[in-house]
Amino acid sequence: MGDNWSGGMSQTTSMARISMAGRLMMCTIAGFPSRSSLRARLVATVLILSVGGNAVAETLNFDNAPVGMPPEGWTLTMTGKGEPKWTVEAEPSAPSKPNVLKQSGRATFPVAIRRDTAIRNGFVEVKFKAVSGSEDRAAGIIWRARDADNYYVVRANALEDNVVLYKTIKGIRTSLGIVGRKGGYGVSAPVTSGQWHVLRCDFAGGRFKVSYDGKPIFEVEDATIVDAGMIGLWTKADSVTLFDDLTYGEIK
């Protein structure tokens, strides 16, 4: 990676270049008996065309960043008003020891945007721990961000025990409906404070697939932001939240 995660963000980060088309072809062909080999090849070709190339994934764990300092390579800001505080901290419970990224300030929506990312179709995933917060206790991931006022975000909330996907346009946040369901607000899910969880979104075109703790939980369709954009992290209000093992990738 060209910038080594911007001056030592993590020398132990990993980049996996995976031929998704090749894997899909192998898995699909293996699933058919030999007498159906022609059919298998046809299905594999369709899958390859739908994937469109290789997936490039990168993982950031903050382990080589200076403790107590803001991480380099990020725009650490907010949507709205307040004083967010994003710092790298040592954390004994970190999934990837020794460090995590911690948000401990207070703002309408604290936002950390990873610069030099531009993904249209791909995924973003993070491990998080909701530590505290009386007004809110949330952790989110963002994608297709143009800036701190325009992006998609899916967040998990430990006070509400739910996961909700929103679009933020010109600083205004709006929840999005779930495919196959009329009305409602996100999906109920146990978001236990003080425990590590995994939040992920796979996005392609106007379709977004959300997974929580390794299980798909809902999908959303929206075409407000269609261009490639940056990825990042998000919290709300007085949430104190820890993040680790941020992984993101693009399907090219």
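The values are calculated or read from the model by the stated rules, or taken from the named source; none is laboratory data. Computed from a prediction, not measured in an experiment: that's the story for all the values here. Cβ atoms come from the backbone with ideal geometry, glycine included; neighbour counts cover every protein chain shown. Each accessible area value is taken on the protein alone, full model and side chains, heavy atoms only, with ligands, DNA and RNA left out. Shrake-Rupley method; radii C 1.70, N 1.55, O 1.52, S 1.80 Å.
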Checklist outcome for this item: Within segment 97-122, residues being touching a residue at least 60 places away in the same chain (Cβ under 8 Å), open to solvent by 30 Å² or more (accessible area, probe 1.4 Å) and out of contact with any helix residue (DSSP H, G or I) (no Cβ under 9 Å at 6 or more places or on another chain) number 7
Next on the checklist: If Thr247 satisfies all but one of (1) in a strand (DSSP E or B); (2) farther than 18 Å from Ala139 by Cβ; (3) of a type in the set (Ser, Thr, Tyr), what's the number of the condition it fails?
Outcome noted: (2)
Item to check | Residue check, Met20 modelled with pLDDT of 50 or more and under 30 Å from Asn150 (Cβ atoms) | outcome: no
Checklist entry - Somewhere in segment 61-78, is a residue within 20 Å of the chain's Cα centre (by Cα), open to solvent by 50 Å² or more (accessible area, probe 1.4 Å), modelled with pLDDT of 95 or more and of a type in the set (Ser, Thr, Tyr)? => result yes
Item to check | Cβ pairs under 6 Å, 6+ apart, first in segment 63-85 and touching a residue at least 24 places away in the same chain (Cβ under 8 Å), second assigned to a strand (DSSP E or B) and of a type in the set (Gly, Ala, Ser) | outcome: Val67/Ala90; Trp74/Ala112; Leu76/Ala112; Met78/Ala107; Gly82/Ala107; Pro84/Ala107
Next on the checklist: So in segment 220-244, with the set limited to residues that are among the small types (Gly, Ala, Ser) and not in a loop (DSSP other than H, G, I, E, B), which one is farthest from the chain's Cα centre (by Cα)?
Outcome noted: Ala237
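Residue-wise test of (1) aromatic (Phe, Trp, Tyr); (2) within 18 Å of the chain's Cα centre (by Cα); (3) farther than 15 Å from Trp234 by Cα.
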site: Pro110; (1), (2), (3): no, yes, no
site: Thr117; (1), (2), (3): no, yes, yes
site: Phe123; (1), (2), (3): yes, yes, yes
site: Phe128; (1), (2), (3): yes, yes, no
Next on the checklist: When you check Val131 against the structure, is it over 21 Å from Pro216 (Cβ atoms), in contact with a strand residue (DSSP E or B) (Cβ under 9 Å, 6 or more places away or on another chain) and open to solvent by 60 Å² or more (accessible area, probe 1.4 Å), yes or no?
Outcome noted: yes
Checklist entry - Here are some residues: Ile217, Ile178. Which one is surrounded by fewer than 22 Cβ atoms within 10 Å (Cβ to Cβ), out of contact with any Lys or Arg (no Cβ under 6 Å at 6 or more places or on another chain) and in a strand (DSSP E or B)? => result Ile217
